[in-house]
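Since the structure comes first, as structure tokens, the remarks are kept for the end.
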Amino acid sequence: MNAQDDCIFCKIVRGEVPAQKVFEDDDVLAFLDIKPVAPVHVLLIPKKHIASLAQVDKTDAPLLGKMLALAPTLATAQGADDGFRIIVNAGRVGMQEVPHLHIHIIGGPHPLGPMLAR
Ligand code: 5GP
Ligand code: ZN
């Protein structure tokens with residue numbers, strides 16, 4: 001069995017699990033997080049299965065750059081028009097729960113507070 005067969009985000013890409021999609025093209029998909037931590041909480045993923053930011057290599061740079069460059073447009077479209085935060089959890093220490101690379105795009109209207117509890 002391949003990693004993507006049982007991957008929840010690959011299942012969303014394949015349409016086997018429903019999601020509230022907000023953007024899609026040949027390479028990427030964006031959908032609302034099922035448990036939002038703020039009024040705006042979008043997940044942006046590559047359609048191809050990449051397990052983690054901890055496992056990318058330089059051939060992934062164009063895709064990663066495209067994803068990052070899409071973030072402000074997606075944030076604004078969801079109503080975060082006065083700033084937002086990007087989070088990419090990676091691996092055990094980063095406490096990544098879903099092993100398919102994803103960018104969290106999180107936004108207001110209110111300031112989000114400090115990056116990590118101190
Ligand atoms: P991680 O901790 O891996 O960075 O974050 C995984 C995120 O995926 C969490 O914020 C969680 O709420 C979200 N999530 C997990 N399963 C699903 C799902 O089936 N649908 C959607 N829309 N979000 C999910
Ligand atoms: Zn996957």
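The values are calculated or read from the model by the stated rules, or taken from the named source; none is laboratory data. The structure presented is a predicted model; accordingly, all values stated were derived computationally and were not measured. Don't worry about glycine lacking a Cβ; one is built from the backbone with ideal geometry, like all the others, and counts go over all protein chains shown. Protein only, heavy atoms only, side chains kept; ligands, DNA and RNA dropped before computing areas. Shrake-Rupley method; radii C 1.70, N 1.55, O 1.52, S 1.80 Å.
Among the residues in the range 13-26, are any within 16 Å of ligand 2 (Cβ to nearest atom) and of a type in the set (Gly, Ala, Ser)?
yes
Applying the selection to the range 89-118, what residues are within 16 Å of ligand 1 (Cβ to nearest atom) and in contact with a Gly (Cβ under 8 Å, 6 or more places away or on another chain)?
GLY107, the sole residue that qualifies.
When the residues of the range 27-56 are filtered to those that are open to solvent by 90 Å² or more (accessible area, probe 1.4 Å) and within 14 Å of ligand 2 (Cβ to nearest atom), which remaining residue is farthest from the chain's Cα centre (by Cα)?
Only one residue fits best here, namely GLN55.
Assess whether VAL28 counts as being out of contact with any helix residue (DSSP H, G or I) (no Cβ under 9 Å at 6 or more places or on another chain), in contact (Cβ under 8 Å) with a residue 40 or more places away in the chain and closer than 15 Å to ILE103 by Cβ.
no
Please find, within the range 65-114, the residue that is most open to solvent (accessible area, probe 1.4 Å) out of those that are among the aliphatic types (A, V, I, L, M) and within 16 Å of ligand 2 (Cβ to nearest atom).
VAL88
Let me confirm something: among GLY91, GLY113, which residue is in a loop (DSSP other than H, G, I, E, B) and under 20 Å from ALA3 (Cβ atoms)?
Matching residue, one of GLY91, GLY113: GLY91.
Filtering the range 1-25 down to residues that are touching a helix residue (DSSP H, G or I) at 6+ places or on another chain (Cβ under 7 Å) and over 24 Å from GLY79 (Cα atoms), which residue is least open to solvent (accessible area, probe 1.4 Å)?
CYS10
Give me the pairs, please: first residue somewhere in the range 10-25 and at pLDDT 95 or above, second residue anywhere and polar (S, T, N, Q), beta-carbon distance under 7 Å, and either six or more positions apart or on two chains.
Close Cβ pairs (under 7 Å, with a partner that is polar (S, T, N, Q)) amount to CYS10/GLN4; VAL22/GLN78.
Could you give me the residue pairs with C-beta distances under 9 Å whose first residue belongs to the range 32-58 and is under 18 Å from LYS11 (Cβ atoms) and part of a loop (DSSP other than H, G, I, E, B), whose second residue is at pLDDT below 95 and open to solvent by 50 Å² or more (accessible area, probe 1.4 Å) wherever it lies, and which are 6+ apart or on separate chains?
Listed pairs, sorted by first residue: LYS48/GLN4; HIS49/ASN2; HIS49/ALA3; HIS49/GLN4; ALA51/ALA3.
Mind checking which pairs have a first residue in the range 78-105 that is more than 17 Å from ALA38 (Cα to Cα) and at pLDDT 95 or above and a second that is away from ligand 1 (no atom under 12 Å from the Cβ) and in a strand (DSSP E or B), Cβ under 8 Å, 6 or more apart or different chains?
Going by the 8 Å Cβ cut-off, the qualifying pairs are LEU101/PRO46.
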